[in-house]
1. Scan the range 215-232 and give yes if some residue there is of a type in the set (Asp, Glu), away from the ligand (no atom under 13 Å from the Cβ) and surrounded by fewer than 23 Cβ atoms within 10 Å (Cβ to Cβ), otherwise no.
2. I'm trying to understand the selection: among the residues of the range 85-142, which are among the polar types (S, T, N, Q) and touching a residue at least 40 places away in the same chain (Cβ under 8 Å)?
3. Going by what's in this entry, would ASP244 be described as at negative phi, modelled with pLDDT of 95 or more and surrounded by 14 or more Cβ atoms within 10 Å (Cβ to Cβ)?
4. Which of (1) surrounded by fewer than 17 Cβ atoms within 10 Å (Cβ to Cβ); (2) touching a helix residue (DSSP H, G or I) at 6+ places or on another chain (Cβ under 6 Å) does LEU189 not meet, given it meets every other one?
5. Can THR249 be described as in contact with a Gly (Cβ under 6 Å, 6 or more places away or on another chain) and either β-branched (Val, Ile, Thr) or part of a strand (DSSP E or B) (or both)?
6. Would you mind finding the one in HIS263, HIS212 that is out of contact with any helix residue (DSSP H, G or I) (no Cβ under 9 Å at 6 or more places or on another chain) and closer than 22 Å to TYR334 by Cβ?
7. Please note which helices (runs of 4 or more DSSP H) are completely contained in the range 1-112 and include at least 3 residues that are exposed (fewer than 15 other Cβ atoms within 10 Å of the Cβ) and within 16 Å of the ligand (Cβ to nearest atom).
Amino acid sequence: MADGKDLSGFGADTRVVLAGRAPREQHGFVNTPVYHGSTVLFASAEDLAAHRGRYTYGRRASPTIDALTGAIASFEGGAGAVLVPSGLAAVTTGLLSCLSAGDHLLMVDSVYQPTRHFCDATLTRFGVETEYYPAGADLEPLFRENTRAVYTESPGSQTLEIQDIPAIVALAHARGAIVLADNTWATPLLFDAHGHGVDISIQAGTKYFSGHADVLIGSVSANAHAWPALRETHGNLGLTVGPDDIFLTLRGIRTLGVRLERHQRSSLAVADWLAERPEVARVLHPARADHPDHDLWKRDFKGASGLFSVVLNPVENQSVNAFLDALRLFGMGYSWGGFESLIVPFDAARARRFPSPEWPEGPALRIHVGLEDPADLIADLDQAFAKLT
Ligand SMILES: *Cc1c(COP(=O)(O)O)cnc(C)c1O
């Protein structure tokens, strides 16, 4: 029977089932067990001196770690992948692997806020200059002699702008710069980052990979060009992930394909219903034809996930709070990508350097549509809207 070693030719849903599994190496058990371990014993003094063996120390690798990195590498189609303890650690490890003192970094303005803070607070200390660009900007005039990397996040955090990744890659590679992408919204199943030329693909596995709101984990995948530096940096930083969290993530990815399909269908049903409401000024969902970057999304993505935003018509904050408090099925809290629906208000203009006329004029809400019945979610929003006016 096939195992996770050679998945070429199989479709995405077959790959999420097989990836990272090697039952014959685990006495026939379907799943790779949880190997708890720091010390790995060498077979002889000679092996010890030569550091010889498939495993040499628990921080570097174990069968449990290999199962998940193998699965992720096969989804991403890169040269290799590493695991880190959170999505933010995936962002910082990816950036640290390709930047040095004196470098210039082009960073998308609609980036996940803690990524922005890492650049401003930490990269600055190490002599890396970050310059923010609006998601749709022409990057050509922004490149400098020392521009070492371009960071993308598509769709953008909260405001969901889609970036023209192939165009950015062409510009960057012509100037010897590396392109990073935070691909958490789409996962490798819905956007093939390396296939579109991205060198370093970042995933907050906390979201859809694990899918159950019970794990913090991240992964970074690199193509052959960026892999040696990523592997070296990851090892030097001493990053590793506990095997129980890896096991939960492996369990999560087996259903990634079916979950994403349902997240897309339900999020579109809820988004379409919201778009007709008088309280709603605008729906920001890349899979809807009225999204400003819908054509780019259609060209490059294989589907949409469950996260989108809406902009309300101007209304008192107190009324928004009454609406939020009336919801029974949408929890209020950070993170997303789990089986459950979530909602949080946001003020996009506050975190941005380049306010745009496209951006929220009234209060805005970020919504994650989970795996509940969409009719129940819509009924819940409907009853809560009564509190908004
Ligand atoms: C949540 C998130 C992260 C950070 O993930 P954590 O596991 O919470 O550290 C990074 N990027 C994006 C786009 C995210 O949504």
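The values are calculated or read from the model by the stated rules, or taken from the named source; none is laboratory data. Just so it is clear, the structure is predicted and the values come from calculations on it, not from any experiment. Heads up, the Cβs are rebuilt from the backbone with ideal geometry, glycines too, and the neighbour counts pull from every protein chain shown. Side chains included, ligands, DNA and RNA excluded: accessible areas come from the protein's heavy atoms. Shrake-Rupley method; radii C 1.70, N 1.55, O 1.52, S 1.80 Å.
1. Yes - at least one qualifying residue is present in the range 215-232.
2. Matches in the range 85-142: SER86, THR93, SER97, SER100, SER110, GLN113, THR115.
3. Spelling it out, it is not the case that ASP244 is at negative phi, modelled with pLDDT of 95 or more and surrounded by 14 or more Cβ atoms within 10 Å (Cβ to Cβ).
4. Of (1) surrounded by fewer than 17 Cβ atoms within 10 Å (Cβ to Cβ); (2) touching a helix residue (DSSP H, G or I) at 6+ places or on another chain (Cβ under 6 Å), only one is false for LEU189: (1).
5. Yes, satisfied.
6. Just a single option satisfies the conditions, and that option is HIS263.
7. none
Residue-wise test of (1) open to solvent by less than 10 Å² (accessible area, probe 1.4 Å); (2) within 16 Å of ARG366 (Cα to Cα); (3) aliphatic (A, V, I, L, M).
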residue: SER266; (1), (2), (3): yes, yes, no
residue: ALA269; (1), (2), (3): no, yes, yes
residue: ASP295; (1), (2), (3): no, no, no
residue: SER305; (1), (2), (3): yes, yes, no
residue: LEU312; (1), (2), (3): yes, yes, yes
residue: ALA322; (1), (2), (3): no, no, yes
